[in-house]
1. If we only count strands (runs of 3 or more DSSP E) wholly inside the range 224-300, which ones have 1 or more residues that are among the small types (Gly, Ala, Ser)?
2. Would you mention how many residues in the range 228-238 are more than 14 Å from Glu54 (Cβ to Cβ) and either touching a residue at least 60 places away in the same chain (Cβ under 8 Å) or in contact with a Ser or Thr (Cβ under 7 Å, 6 or more places away or on another chain) (or both)?
3. Name the residues in the range 79-105 that are touching a residue at least 12 places away in the same chain (Cβ under 8 Å), assigned to a helix (DSSP H, G or I) and not aliphatic (A, V, I, L, M), would you?
4. Being among the small types (Gly, Ala, Ser), assigned by TED's automatic domain parsing to the domain that holds Gly365 and touching a strand residue (DSSP E or B) at 6+ places or on another chain (Cβ under 9 Å) narrows it down to one residue among Ala295, Ala278, Ala263; which is it?
5. Checking the structure you have, find out if any residue of the range 125-141 is in contact with a strand residue (DSSP E or B) (Cβ under 7 Å, 6 or more places away or on another chain) and in contact (Cβ under 8 Å) with a residue 24 or more places away in the chain.
6. Among the listed residues Thr121, Thr55, Thr36, Thr98, identify the single one that is within 30 Å of Phe277 (Cβ to Cβ) and of a type outside the set (A, V, I, L, M, F, W, C).
7. Among (1) closer than 15 Å to Thr296 by Cβ; (2) at pLDDT 90 or above; (3) among the basic types (Lys, Arg), where does Lys353 come up short?
8. Only one of these is surrounded by 15 or more Cβ atoms within 10 Å (Cβ to Cβ), modelled with pLDDT under 90 and within 20 Å of the chain's Cα centre (by Cα): Leu272, Leu282, Leu252. Name it.
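The values are calculated or read from the model by the stated rules, or taken from the named source; none is laboratory data. Note that the coordinates shown come from a computational prediction; the quantities given were computed from them, not determined experimentally. Quick reminder, even Gly has a Cβ in these numbers, built from the backbone with ideal geometry, and neighbours come from all protein chains shown.
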Amino acid sequence: MIKRLSCAVLYGSLLLCYLFFVGCGKTESRTPKEKTINVLAQPAEQKSLRPFIETIGTLNPDEEVTVSSEVDGILKGIAVDEGAAVTKGKTLALIDDTDYALEMKRAEAALKQAEATLANTKLEFQRKDSLYREQLVTQQQYDDVSTRLSLAEAEVERAKASLSLDLQRHTRTRISSPLSGIVKERKVERGNFVKNGTPLFTVIRTNPLKLNFTVNEKDVAKLRTGQEVLLRVDAYPDKEYKGRMSIIYPSLEERTRTLKVEAIVPNSDGMLKPGLFAHVTLYTGPARDTVLVPATSLLYEGEKIKVFVVEGNVARERNVTVGQKFTFASGEDVRSQSRSTRKEFTELTEGVKAGEMIVTVGQQGLFEGAKITVSKE
């Protein structure tokens, strides 16, 4: 019995030793090795850049005039069509002037008659005046010829005014362009009867053009007339145009809380067209030192924005404050470069210094103090 008990104790001791060593081996195998994360990084850059406002706008004609008829009549000829370039004073259309020419001749005849009557009355007045001085005619006779002289002079003036009016009416049968520009719209056809005030054409001036755009309420204090404006249009994405701010409107639009602004844009080659949608950049001050990082390096957590900075082989989390966004290609400002080559950078006003290495790829899986292997972009 004692022998059997001793064997059981021995077997139990051996089993406990086995379990202990097996357990120690499993504990050691469960201890994880520290993971190293591969990332790409590049240094935060410092550049001297001008602050700006970006917005959108529309190009409009510098002037737009509706040319209307100033007399009644039938259109006997139209000299231009839509899209035609015209100079100031160029004939656009002709109204049948037959009746107006006859009225002008009648007025000319009436003037000649009035002038002849005045000439005879003057001669009679001169004779009566001499006789009156010698007291050979009565006062009544002298007063009568004086009155007829005044009436004859008034009749000449009336006839001149009537002739001038008929001449103006006759001249207005020729419809002329009031400015140099482009015929935007033709509203009538040859043979139409038009009345005084009937719209005939719309003429626009396209050099220069007006650029109308809006600016957010927070940027209103940065606006000054004469500021340089740069714009691009989708029709010519690789070309940049320049203008100058000319008008800052006096009040904000209550619904959108934006302020309307107008700039003048030269268009001597006629490439820009009224109605084109424009991407507008308005520079608001002189160049200043700016710390930039790729926009893709930023991580957003609610209202907090952070980046990861490389310190040796460790990633450090930094909260940052962002400013404006800039677009570059090959390290240069590319507002004159092709859109396909652009890369977006964000200004950091707090949190990072120029030259510090910023993680640009792989930062989504990082945490404070994470071990990293860095490759430069």
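1. 236-253, 258-265, 277-283
2. Matching residues across the range 228-238 total 3.
3. Across the range 79-105, the qualifying residues are Asp99, Tyr100, Glu103.
4. Values: Ala278 fails: assigned by TED's automatic domain parsing to the domain that holds Gly365; Ala263 fails: assigned by TED's automatic domain parsing to the domain that holds Gly365.
Of the residues listed, the single one that is among the small types (Gly, Ala, Ser), assigned by TED's automatic domain parsing to the domain that holds Gly365 and touching a strand residue (DSSP E or B) at 6+ places or on another chain (Cβ under 9 Å) is Ala295.
5. Filtering the range 125-141 for residues in contact with a strand residue (DSSP E or B) (Cβ under 7 Å, 6 or more places away or on another chain) gives none.
No, there is no match, as no residue in the range 125-141 is in contact with a strand residue (DSSP E or B) (Cβ under 7 Å, 6 or more places away or on another chain) and in contact (Cβ under 8 Å) with a residue 24 or more places away in the chain.
6. Values: Thr121 fails: within 30 Å of Phe277 (Cβ to Cβ); Thr36 fails: within 30 Å of Phe277 (Cβ to Cβ); Thr98 fails: within 30 Å of Phe277 (Cβ to Cβ).
Going through Thr121, Thr55, Thr36, Thr98 in turn, the sole match is Thr55.
7. If we test Lys353 against (1) closer than 15 Å to Thr296 by Cβ; (2) at pLDDT 90 or above; (3) among the basic types (Lys, Arg), just (1) comes out false.
8. Working: Leu272 fails: modelled with pLDDT under 90; Leu252 fails: modelled with pLDDT under 90.
When all the criteria are applied, what remains is Leu282.
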